[in-house]
Amino acid sequence: MLLSHYQDALVEAGCDEAGRGCLAGPVFAAAVILPPRFRHPLLNDSKQMKPEHREKLRKVIEKKAICFAVASVDNVEIDKINILKASFKAMHLALEQLSRQPEFILIDGNRFVPYREIPHACIIQGDGKYASIAAASVLAKTYRDEYMQQLHAAHPHFGWNTNMGYPTKQHRDAIREFGETPYHRVSFRLLPDQPELDFDLDMDPAPDNNIEQ
C-alpha cells in the first residue's frame, strides 16, 4: 500500500523522471500534487505496471490531481550538462509549471538540487512507497513513451516504439548498421566496444543537506 504523504503539515508534490538510462531521446520529469488520501488500486511504480495500466492511470491522475506538470530536457542539453543535471533540470521545469506551488517536495532517488527554497525529501525507490511519486513516475513514463513512439515513425530501424531508446540489442545493432541519429546522446557509450564517454552519474552538482531517506 502506497503512503499518501510524507508529512501532513505542508502541501506535497511528488517528482520523478523517466529515460535517464536511454541512449536516445530526452529525459522527462513530472511533478504531481494529489488530493489528500488519494488512492487507486493500480497505482504503483510505473516500471512495475503494464502499459495499459499506465495509460489508464495517466487519465485518472490528470483528472484527479490538484495539479500536475510534465517537462523534458533534450539529448543535446543532456550531452552538454550530463544526464544527472539534466534530470534535475527537467524536475525543476516541471515544478515551475505547477499551477500551485508546493510547500514540500518528494523526490524519487537519493539526491536532488534544491528547488527555490522549498524543503524536500529524497526517497530511495520512492515511486514504490509514496502515491505522489508513483503518480509522477506514471506521467513521466507515459509522456516519454508517447514521444519516443512519435520519433519511431521517422527512425523505424531503432525500434523506439518498443525499446523507447534504451540500450537493447536491437537498438545497438541498428546503431552499428545505420549510425547515430540527431536524437542520440553522443556523450553516452552507444556501443559496448566504444570507450567510456558518459559523464560521471555520481557527480554531485550541489551539496544536498536536506532530508534523505
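Here are the numbers:
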{"quantity": "Residue under evaluation G21, criteria (1) open to solvent by less than 20 Å² (accessible area, probe 1.4 Å); (2) within 15 Å of A90 (Cα to Cα); (3) not charged (D, E, K, R), criterion not met", "calculated": "(1)"}
{"quantity": "Residues of segment 21-59 that turn out to be under 30 Å from L191 (Cα atoms) and in contact with a strand residue (DSSP E or B) (Cβ under 8 Å, 6 or more places away or on another chain), as a count", "calculated": "8"}
{"quantity": "Selection count, segment 82-124, where residues are within 19 Å of G21 (Cα to Cα), of a type in the set (A, V, I, L, M) and open to solvent by 10 Å² or more (accessible area, probe 1.4 Å)", "calculated": "1"}
{"quantity": "Per-region count, segment 10-30, residues closer than 20 Å to G109 by Cα, in contact with a Phe, Trp or Tyr (Cβ under 7 Å, 6 or more places away or on another chain), in a strand (DSSP E or B) and of a type in the set (G, A, S)", "calculated": "3"}
{"quantity": "Flag if A69 is of a type in the set (G, A, S), open to solvent by less than 50 Å² (accessible area, probe 1.4 Å), part of a strand (DSSP E or B) and touching a Phe, Trp or Tyr at 6+ places or on another chain (Cβ under 9 Å)", "calculated": "no"}
{"quantity": "Answer residue from segment 72-81, given it is surrounded by 22 or more Cβ atoms within 10 Å (Cβ to Cβ) and touching a Pro at 6+ places or on another chain (Cβ under 7 Å) and is farthest from P41 (Cα to Cα) among those", "calculated": "N75"}
{"quantity": "Subset of segment 23-36 (residues that are of a type outside the set (F, W, Y) and either touching a helix residue (DSSP H, G or I) at 6+ places or on another chain (Cβ under 9 Å) or at pLDDT 95 or above (or both))", "calculated": "L23, A24, G25, P26, V27, A29, A30, A31, V32, I33, L34, P35"}
{"quantity": "Among the candidates E55, E12, residue that is open to solvent by less than 50 Å² (accessible area, probe 1.4 Å), touching a residue at least 40 places away in the same chain (Cβ under 8 Å) and either under 11 Å from A136 (Cβ atoms) or of a type in the set (D, E) (or both)", "calculated": "E12"}
{"quantity": "Those residues of segment 165-206 which are loosely packed, with under 14 Cβ neighbours inside 10 Å, acidic (D, E) and at pLDDT 95 or above, in sequence order", "calculated": "E177, E180"}
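The values are calculated or read from the model by the stated rules, or taken from the named source; none is laboratory data. None of the values given here were measured: they were computed from a predicted structure. Every residue, glycine among them, receives a Cβ derived from its backbone with ideal geometry; neighbour counts consider all protein chains shown. The accessibility values were calculated without ligands, DNA or RNA, using every heavy atom of the protein model including side chains. Shrake-Rupley method; radii C 1.70, N 1.55, O 1.52, S 1.80 Å.
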